[in-house]
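To start, the structure itself, in structure tokens.
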Amino acid sequence: MKRTYTALALIGCSLTAFSQTNKTPKDQPLVSHIYTADPSAHVFNGKIYIYPSHDIDAKDVKEDDEGGHFAMRDYHILSMDKIGGPVKDNGVALDIKDIPWAGRQLWAPDATYKNGTYYLYFPVKDKQDVFRIGVATSKNPTGPFKPESEPIKGSYSIDPTVFQDTDGKAYLYFGGIWGGQLQRWSGNNYDPKGALKKKEEVAYLPRVARLSTDMKSFAEPVREVQLLDKAGKPFLEKDNDKRFFEAAWLHKYKGKYYFSYSTGDTHNLCYAIGDNPYGPFTYQGIVLQPVLGWTNHHSIVQVGDKWYLFYHDVQLSGKTHLRNVKVTELTYNPDGTIQPIDAYK
Ligand code: FUB
């Protein structure tokens, strides 16, 4: 079966039509001088930092079946003192040319802080064109970041997100199917011919591994993150409006663990709740309805006493691979469920 982003291009066309409807964005892009996507937001020392992908229109790269036109080459970190305040672009924090093992496509990153060091986790294809996850460090939240000379041993696929629990343990969640290559990994073994699941098969699951205290290696073998429906059953591939595709994020609210993710080809951002960082996580519903563009990727973060969803759409360009990051307030119901967000009026 064709592992394809052709569907992406087709849906991109229909979403161009969507842009011609009367729908009006509720939020405006945080910056417009560069294209940015996949915003991983954090509060460090009372200031908001956003670690996004830096989308570019790489004229020398053709659109291909695995999202090759998402040809990003560096990261710019954005910062702001408060939601709604001015947003600063802190310049290039890490360039692909400075990652010794990197081949192409610097995709969605995340970051964390521990003991005086900031850690930036990033996916990039290695020189054999296999996605791996790297880590880079800096004494400054905006970099410049110095990458390790090798990818994290045992890492694969895309969209790393790091979560540090209140007990000090840190976990790296990752994975993305199709262009993110998760279908090539079974039992942590690589098969370049890894097939997509058939409709009646159990869907691919995201991955997690606890990080060692050095934050640069896995402390244990990579595990699957169990995502279950409310009846306790795993999703099948045909449940593609709810099953995992990419863009994992983990946050904690009132003692519960919230695993949120994109359903990819159905463009939803969904969430599931669990009692510990490994899950199982039980599906709850939609966080964000499909946005203008094909991809839907986010982070959920507390700023002061409010919670926010950072996300992206393609308001500025109308093109799937040239996105712009945004932020909107997120509201919990008294029972801990999240009120679904529609980014348009
Ligand atoms: O930005 C490249 C890829 O698009 C990300 O890794 C996915 O999550 C999707 O947003």
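Starting from the Cα of residue 199, draw a straight line to each of the aspartates and glutamates and keep only those under 16 Å, dropping any in the same chain fewer than 8 residues away.
237, 239, 241, 265
Using a Cα distance threshold of under 17 Å, what count of lysine pairs results for region 205-260 when pairs must be 8 or more residues apart or interchain?
For region 205-260, qualifying lysine pairs total 4.
Near residue 258, within a Cβ-to-Cβ distance under 14 Å, what is the net charge of the other residues, with Lys and Arg +1 and Asp and Glu -1?
0
Enter the accessible area per residue of region 194-330 (Å², integer; probe 1.4 Å; all protein chains in place).
Accessible surface, normalised per residue, equals 36 Å².
Assign one of three labels to region 145-209, namely rounded, prolate or oblate, based on the Cα gyration tensor with a ≥ b ≥ c the square roots of its eigenvalues; rounded applies when a/c is under 1.5, prolate when it is not and a/b is larger than b/c, and oblate otherwise.
Judged from the Cα gyration tensor, region 145-209 comes out oblate (a/c at least 1.5, b/c at or above a/b).
Using 0.36 nm per residue of separation minus the Cα-Cα distance, give me the extension gain between residue 59 and residue 82 in nm, one decimal.
Residue separation times 0.36 nm, minus the Cα-Cα distance, leaves 4.7 nm.
Accessible area of the chain with a 1.4 Å probe: how many percent of it is carbon plus sulfur?
50 percent
Work out how far the C-alpha atoms of region 181-310 reach from end to end along every principal axis, then list the three figures in whole Å, largest first.
Its Cα atoms span 47, 39, 31 Å along the three principal axes.
How would region 189-233 be classified by its alpha-carbon gyration tensor: rounded, prolate or oblate, with rounded meaning a/c under 1.5 and the a/b versus b/c comparison settling the rest?
Since a/c reaches 1.5 but b/c is at least a/b, the shape of region 189-233 is classed as oblate.
May I ask you to derive the relative contact order of region 86-187, considering only C-alpha pairs under 8 Å and at least 6 residues apart, and to give it as an integer percent?
Relative contact order here is 23 percent.
Of 237, 201, 150, which has the most accessible area with a 1.4 Å probe, and how do the rest follow in descending order?
Descending order: 150, 201, 237.
Tell me whether the chain comes out rounded, prolate or oblate; compute the Cα gyration tensor, take square roots of the eigenvalues as a ≥ b ≥ c, and use a/c under 1.5 as the rounded threshold.
It is rounded, given that a/c, with a ≥ b ≥ c, falls under 1.5.
What distance in nm lies between label points placed 7 Å from Cα along the C-beta direction at residue 335 and residue 166?
Output for this residue pair reads 2.4 nm.
For residue 26, which aspartates and glutamates qualify as cross-link partners when the Cα separation must be under 15 Å and same-chain residues fewer than eight apart are set aside?
The reachable aspartates and glutamates, counting only those whose Cα sits under 15 Å from residue 26, are 313, 329, 342.
Measuring from the lowest to the highest alpha carbon on each principal axis, how far does region 104-185 reach, largest first, in angstroms?
36, 27, 19
Taking 0.36 nm per residue of separation and subtracting the Cα-Cα distance, what length does fully extending residue 342 through residue 23 add?
Difference between extended and current length: 113.8 nm.
The values are calculated or read from the model by the stated rules, or taken from the named source; none is laboratory data. Just so we're clear, the structure is a prediction, and the values are computed from it rather than from any experiment. Neighbour counts are summed over all protein chains in view; Cβ atoms, including those assigned to glycine, are modelled from backbone coordinates with ideal geometry. What goes into the accessible areas is simple: the full protein's heavy atoms, side chains included, and nothing from ligands, DNA or RNA. Shrake-Rupley method; radii C 1.70, N 1.55, O 1.52, S 1.80 Å.
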